[in-house]
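Participant: Structure incoming, see below.
Quick note: the coordinates plus some simple rules give every number you see, no bench work behind them. These numbers come from a predicted model, not from an experiment. Glycine gets a Cβ as well: all are built from the backbone with ideal geometry, and neighbour counts include every protein chain shown.
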Amino acid sequence: MWAEFLYHLRRLRGRIIGWGIGIGLYGLMMAWFYDAVTGMGAELEALLASYPQEMLAFFGNVQLMNTPAGYLDTYYFSYMTMIVGILAASAAAGMVAGDEERGVLDLVLAHPISRTALFWARLLAVVAALALVLLISWLSWLPAIPWGMEITALELLRPFLPLLAVLLFIGTLALLLSLVLPSSRLAATLAAAAIVANFLLVGLANMNDDLQPVLDWTPLGYYQGGLAVNGLEWSWLLSLLGVSLLFALLAWLLFQRRDIRVGGERSWRMPRSGRRREAASET
Amino acid sequence: METMALVVEGLTKSYGDVRALRGVDLEVRAGEIVGFLGPNGAGKTTTIRCLLDLIRPDSGSIRVFGIDPQADPVAVCQQVGYLPGELALEPNQTAAEILRYFSRLRGNRVDWAFVRTLAHRLELDLNLTIKNMSKGNKQKVAVVQALMARPPLLLLDEPTSGLDPLMQQEVYRLIKEAQAGGATVFFSSHIIAEVETIAERVAIIRQGVIVEEAEPEALVNIAVRRLRVRFQEPVEVQPLAAVPGVTILSQDDSVVTVQVAGEMDGLVKALAAYPVSDLETERPSLEEIFLSYYEATGDEQPQIEEAV
């Protein structure tokens, strides 16, 4: 299992480096701007006041933008779920079904490794890859502290935990979908689309309280974002992790029962007429 | 009592409405080389993949050295070196990286000096990236990975696919050497010459059932051959058609194509009376043999002996 974990993590190294550098550079840039943005003080407040109230409501905690938590939330954590969510969805959807579609899983599973070991080793590698990207991101934000952000390194680390939990939610959802749907790419797309829709719902729920009960059934309803700097909401965090684990267990069960394809995507099974069925059984 | 490497009983498998296996019964003794023959879509690959628990049969039982693959697939895979029919390898890795990965999956029990020997004999550069390899070279990687752990059972699905004739011969030698080292070999093919060269016994599958198990020689006897004879001038071919087992397939000016079932002796003697300028012979594919065989007998479950 360890060999498989290391192997899969190595296969993800390109994405870890690419995403890590991209997200890291963005974090570094936003860390650099922190002092300048919060230093605007009254000008910033006036600027915000000039925006339509509906728009400010959509973006949530904009009024807290001159605090570390508000700044981190507005400029980073609120939409990192969508951006890094793409990585989570594609990496998780591809870890089994993607390899199956490319035909490489067949030979791997003909070696002495159980499906259980392969599944959990690869999922752990995906989790480790996401954690590494977030670690790079956290490191990129650290200069914000000497540059004027009144926060400790540990406090800065806190919001990365709910972010990781949401990414695991997206990833395991994509993984589960990849074992149900005929295509891993379709599964990744649907999972990523779901989180984008959820992001929009958060904004709409900020504008309309009637949508709040709907939001309570979605992962971002339990996502603290940058506000986790002030303390973690453990029940939310554990809820997200619990549902992710449930998705992963369901995916594992499906993988256990599944026939491994030689390659290619599955097809949607359409109902056949009696005559076509008879013809097919003769082939 | 003989040790059985493979025992398959009543194996069935359907893909939706398509019945791929309809009750496969098969036994392979330890130390044997058994060829698994059949036309495309007959169920060869499905059977082999069931043996490795890559796909689950609908019914029937499988034992690989007494182990049920569904109950303990890891134990089965420890005994098996598998070469897939449709090979796909990680394109961005070198052959060495892939082989080391497979070695780690086997608990690093692979002798790397043996890997280098295999690569040398197959003229395979282990430092080449898969995406830069020809189909033949990728096939060599697959051959090396199947053999490198010296497993007691080799399941080879079209082992020489994509290899040139010289390399095919080298693979046959490697398979024979593996057998000499105690391995059992079960390989699928639709190349009769390959089966003749290395198999001690042949199982023929058609439409998901084993229709015959025989020695390769028996198979050769049912193999019809096709000859194209170029005469120095247009000739009257009716005397050739009268030779037992000979069928005239076409005549185009001075070129005549005939099909011969069984011994060639009668035709060769008949041709001696003609001014022959060229003679080409070819063995038809297994599908063609099956086709001609079934056309000849009109039998759903033919017996090889009857066709001889």
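Participant: Helix B:135-147 versus the longest principal axis of chain B: what is the Cα-based angle in degrees, 0 to 90, to the nearest 10?
Facilitator: 60
Participant: Same structure again: For chain B, take the longest principal axis of its alpha carbons; what is the angle in degrees between that and the long axis of helix B:286-297, to the nearest 10 within 0 to 90?
Facilitator: 50
Participant: Using the Cβ atoms and a cut-off under 15 Å, what net charge is assigned to the surroundings of A:Ile151, where Lys and Arg are +1 and Asp and Glu are -1? Numbers along the way, then the final one.
Facilitator: Numbers: positive: A:Arg158; negative: A:Asp35, A:Asp73, A:Glu150, A:Glu155.
Here the charged neighbours net out to -3.
Participant: What Kirkwood radius, in Å to one decimal, follows from the Cα pairs of the protein assembly as shown?
Facilitator: 28.3
Participant: For a Förster distance of 41 Å, can you work out the FRET efficiency between the beta-carbons of A:Ala197 and B:Lys135, rounded to the nearest 0.05?
Facilitator: Between A:Ala197 and B:Lys135 the formula returns 0.40.
Participant: Between beta-carbons, use under 13 Å as the cut-off and find the net charge around A:Asn206, counting Lys and Arg +1, Asp and Glu -1.
Facilitator: Result for the neighbourhood of A:Asn206: -4.
Participant: Within chain A, which DSSP H helices have Cα atoms that stretch 27 Å or more along the helix axis and a mean Kyte-Doolittle hydropathy of at least 0.5?
Facilitator: A:13-38, A:115-141, A:160-180, A:184-207, A:234-257
Participant: Another question, then. If eta is 1.567 mPa s and T is 4 °C, what Stokes-Einstein diffusion coefficient results for chain A, Kirkwood Rh from Cα pairs, in µm²/s? Walk me through the numbers before you get to the answer.
Facilitator: On the way: Rh = 20.6 Å.
Translational diffusion coefficient: 63 µm²/s.
Participant: Which order do A:Arg115, A:Arg258 fall in if you start with the one that has the fewest other Cβ atoms within 10 Å?
Facilitator: Fewest to most other Cβ atoms nearby, the residues stand as A:Arg258, A:Arg115.
Participant: Could you work out the mean count of beta carbons from other protein chains within 10 Å of each residue's beta carbon in B:71-78?
Facilitator: For this peptide, the per-residue mean of nearby foreign Cβ atoms is 3.
Participant: Given the rule -39500 (n - 2.57) for each run of at least 4 DSSP H residues, summed and divided by the residues of the protein assembly as shown, what is its mean residue ellipticity at 222 nm, to the nearest 500 deg cm²/dmol?
Facilitator: Numbers: 27 runs with 299 residues, N = 591.
It comes out at -15500 deg cm²/dmol, rounded to the nearest 500.
Participant: Continuing with this model, one more query. Can you list the HN-Hα couplings for region B:37-46, worked out from phi with the Karplus curve (6.51, -1.76, 1.60; θ = phi - 60°), rounded to whole Hz and with x for Gly and Pro?
Facilitator: 10, x, x, 4, x, 7, x, 4, 5, 4
Participant: Moving on. Starting from the Kirkwood radius over alpha-carbon pairs of region A:1-40, derive D by Stokes-Einstein at 10 °C in a medium of 1.306 mPa s and give it in µm² s⁻¹.
Facilitator: The Stokes-Einstein estimate is 130 µm²/s.
Participant: Continuing with this model, one more query. Rg to Rh ratio, region A:44-131, alpha-carbon atoms and Kirkwood radius?
Facilitator: Ratio of gyration radius to Kirkwood radius for region A:44-131: 1.30.
Participant: Apply the Kirkwood formula to chain B: the hydrodynamic radius equals the inverse of the mean of 1/r over all pairs of different alpha-carbon atoms; give it in Å with one decimal.
Facilitator: One over the average 1/r among Cα pairs gives 21.3 Å for chain B.
Participant: Using only Cα atoms, find the angle between the long axis of helix B:165-180 and the longest principal axis of chain B, and express it within 0 to 90 degrees, rounded to the nearest 10.
Facilitator: That works out to roughly 60 degrees.
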